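In what follows, a structure is listed as structure tokens, so that the remarks can point back to it.
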Amino acid sequence: RLADALSSFPAVGGCRFELLPVYAAAIDRIVAEIDGARQYVHLLFYIFEDDDVGRRVADALVRAAARGVAVRALMDAVGSRGGLRALGPRLRAAGVEVVAVMPLRLWGPNAARFDLRNHRKLIVVDGEVAYFGSQNIVSAHANRGLVNEEMLVRTTGPIVRHLHAVLLGDRYLETGTLPPESDDLSAPPVADRADDGLAQVVPSGPGYNEGTAEAVMIALMYGARARVVLTSPYVIPSEAFLAAMTSTARRGVVVDLIVDAESNKPLVKLAQQSFYDSMLRTGVRIHRHRGSFLHAKHMSIDDDVALIGSSNFDIRSFALNAELSVLICDRGVVADLHA
């Protein structure tokens with residue numbers, strides 16, 4: 001009920017999810033999906049970089065456009081500035097629509113602050129398949145000395161239409177138009193089973209309620225009966241979020257927080273560590289991940305519910321950035337996530 005009140009999208013059943021936690025394999029799946037597209041490929045990414053991974057995905061987009069597929073690539077104007085500058089001209093010349101999202105403007109209806117960015121990562125292919133999660137279109141070695149580890153999710157079913165609506169909304173914010181492919185949203189919905197593969201899109205940012213993901217996460221923690229697992233590279237909790245974590249641990253629920261031992265943002269790491277004492281005093285278990293830079297952002301509650309997306313656990317993600325998370329009520333997905 002809380003998610004219904006906060007989100008612009010209802011929960012839908014009949015959804016299927018496949019977790020893709022292996023970086024190179026996830027890029028392989030993205031490229032293969034683009035190569036198999038028949039009607040359209042729509043992408044929205046915070047980082048679309050001019051490197052080996054970015055060029056490989058760009059090559060697939062060019063091939064799709066050459067087949068007559070409608071290809072639209074939305075890239076954050078700051079996070080993807082390298083890709084926009086180096087890959088944008090080639091993509092446009094091949095017939096790909098390239099849109100810089102939230103370009104820096106000092107005035108006007110879409111004036112954007114430098115610190116308010118579109119942090120979503122989303123692909124929709126033919127209205128049938130979508131990918132979402134934490135992974136950008138960039139090399140796993142983009143952070144010097146660190147190798148990124150991510151959580152990308154492939155999904156099918158009614159949730160794809162809702163994810164597509166988020167992407168088209170971001171495009172509309174920049175262009176003021178809807179492409180012909182948006183007709184998919186007005187088609188009769190596919191019947192779903194409410195008790196099977198239940199999921200709900202939880203977006204936040206411009207055009208949506210502020211702090212939506214945080215409110216849902218807090219409610220989930222207070223409702224947990226046995227176990228809460230929180231995973232994020234950046235954890236600078238609000239008072240309400242910290243209270244939910246510590247209160248949940250105090251009443252005997254196992255609360256596991258998985259963070260990185262080494263960070264690509266030293267100042268953020270210091271700020272994050274300042275909360276550890278109060279967490280540990282109440283029984284929160286903190287696990288420092290080693291061997292890679294764990295950039296995934298997700299949580300799970302008991303054996304029933306998962307929330308996976310692009311949002312870190314800090315005020316930038318909860319109050320400033322455009323983010324995208326998916327609330328999943330599916331025991332199979334939660335078991336896969338725990339594994």
Would you check if ALA213 is farther than 30 Å from VAL101 by Cα and out of contact with any Pro (no Cβ under 7 Å at 6 or more places or on another chain)?
no
Determine, yes or no, whether ASP184 is crowded, with 17+ Cβ neighbours inside 10 Å, assigned to a helix (DSSP H, G or I) and at pLDDT below 90.
yes
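For residues in the stretch 235-250 being open to solvent by 20 Å² or more (accessible area, probe 1.4 Å) and not in a strand (DSSP E or B), which is farthest from PHE318 (Cα to Cα)?
ARG250
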Residue list for the stretch 275-300, restricted to those being hydrophobic (A, V, I, L, M, F, W, C), outside any strand (DSSP E or B) and either out of contact with any helix residue (DSSP H, G or I) (no Cβ under 8 Å at 6 or more places or on another chain) or modelled with pLDDT under 95 (or both):
LEU280, ALA296
Going through the stretch 36-87 in order, the residues found to be open to solvent by 60 Å² or more (accessible area, probe 1.4 Å), of a type in the set (D, E, K, R) and either touching an Asp or Glu at 6+ places or on another chain (Cβ under 7 Å) or in a helix (DSSP H, G or I) (or both) are ARG38, ASP52, ARG55, ARG56, ARG63, ARG81, ARG85
Note on the stretch 7-30: residues open to solvent by 40 Å² or more (accessible area, probe 1.4 Å) and either under 23 Å from VAL216 (Cβ atoms) or in a strand (DSSP E or B) (or both) are SER8, PRO10, ALA11, ARG16, GLU18, PRO21
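Restricting to the stretch 301-337, and then to whatever is part of a helix (DSSP H, G or I), open to solvent by less than 20 Å² (accessible area, probe 1.4 Å) and β-branched (Val, Ile, Thr), can you tell me which residue is farthest from ALA219 (Cα to Cα)? Spell out the reasoning first.
We begin by selecting, within the stretch 301-337, every residue part of a helix (DSSP H, G or I); these are 315-320, 331-337.
From what's left, open to solvent by less than 20 Å² (accessible area, probe 1.4 Å): 317-318, 333-334.
Of the ones still in play, those that are also β-branched (Val, Ile, Thr) are 333-334.
Numbers: VAL333: 20, VAL334: 18 Å.
The qualifying residue farthest from ALA219 (Cα to Cα) is VAL333.
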Note on the stretch 137-169: residues outside any strand (DSSP E or B), under 13 Å from the mean Cα position of the chain (by Cα) and farther than 11 Å from LEU44 by Cβ are GLU150, MET151
Exactly one condition in (1) part of a loop (DSSP other than H, G, I, E, B); (2) touching a helix residue (DSSP H, G or I) at 6+ places or on another chain (Cβ under 6 Å); (3) modelled with pLDDT of 95 or more is false for VAL228; which is it?
(1)
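Conditions (1) at positive phi; (2) among the small types (Gly, Ala, Ser), marked per residue:
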{"residue": "PHE48", "(1), (2)": "no, no"}
{"residue": "ASP52", "(1), (2)": "no, no"}
{"residue": "ARG55", "(1), (2)": "no, no"}
{"residue": "ALA65", "(1), (2)": "no, yes"}
{"residue": "GLY68", "(1), (2)": "yes, yes"}
{"residue": "ARG72", "(1), (2)": "no, no"}
{"residue": "ASP76", "(1), (2)": "no, no"}
{"residue": "ARG81", "(1), (2)": "no, no"}
{"residue": "LEU87", "(1), (2)": "no, no"}
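In the stretch 261-274, which residues are in a loop (DSSP other than H, G, I, E, B) and surrounded by 15 or more Cβ atoms within 10 Å (Cβ to Cβ)? Show your work before the answer.
Kept after step one, since they are in a loop (DSSP other than H, G, I, E, B), are these residues of the stretch 261-274: 261-265, 274.
Those that are in a loop (DSSP other than H, G, I, E, B) and surrounded by 15 or more Cβ atoms within 10 Å (Cβ to Cβ): GLU262, SER263, ASN264.
Suppose we filter THR231, THR212, THR175 for residues that are open to solvent by 20 Å² or more (accessible area, probe 1.4 Å), under 25 Å from LEU320 (Cβ atoms), among the polar types (S, T, N, Q) and in contact (Cβ under 8 Å) with a residue 60 or more places away in the chain; which single one remains?
Details: THR231 fails: open to solvent by 20 Å² or more (accessible area, probe 1.4 Å); THR212 fails: open to solvent by 20 Å² or more (accessible area, probe 1.4 Å).
After applying the criteria, what remains is THR175.
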Return the pairs, sorted by first residue and then second, in which the second residue is basic (Lys, Arg) and open to solvent by 10 Å² or more (accessible area, probe 1.4 Å), the first residue lies in the stretch 297-321 and is over 16 Å from VAL235 (Cβ atoms), the beta carbons are less than 7 Å apart, and the residues are 6+ apart or on different chains.
ASP302/ARG225; ASP302/ARG227; ASP303/ARG331; ASP304/ARG331
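The values are calculated or read from the model by the stated rules, or taken from the named source; none is laboratory data. Owing to the predicted nature of the structure, the values given are computational and were not obtained by experimental measurement. No Cβ is skipped: glycine too gets one built from the backbone with ideal geometry, and neighbour counts run over all protein chains shown. For the accessible areas, the whole protein counts, side chains as well, though only heavy atoms, and no ligand, DNA or RNA atoms are used. Shrake-Rupley method; radii C 1.70, N 1.55, O 1.52, S 1.80 Å.
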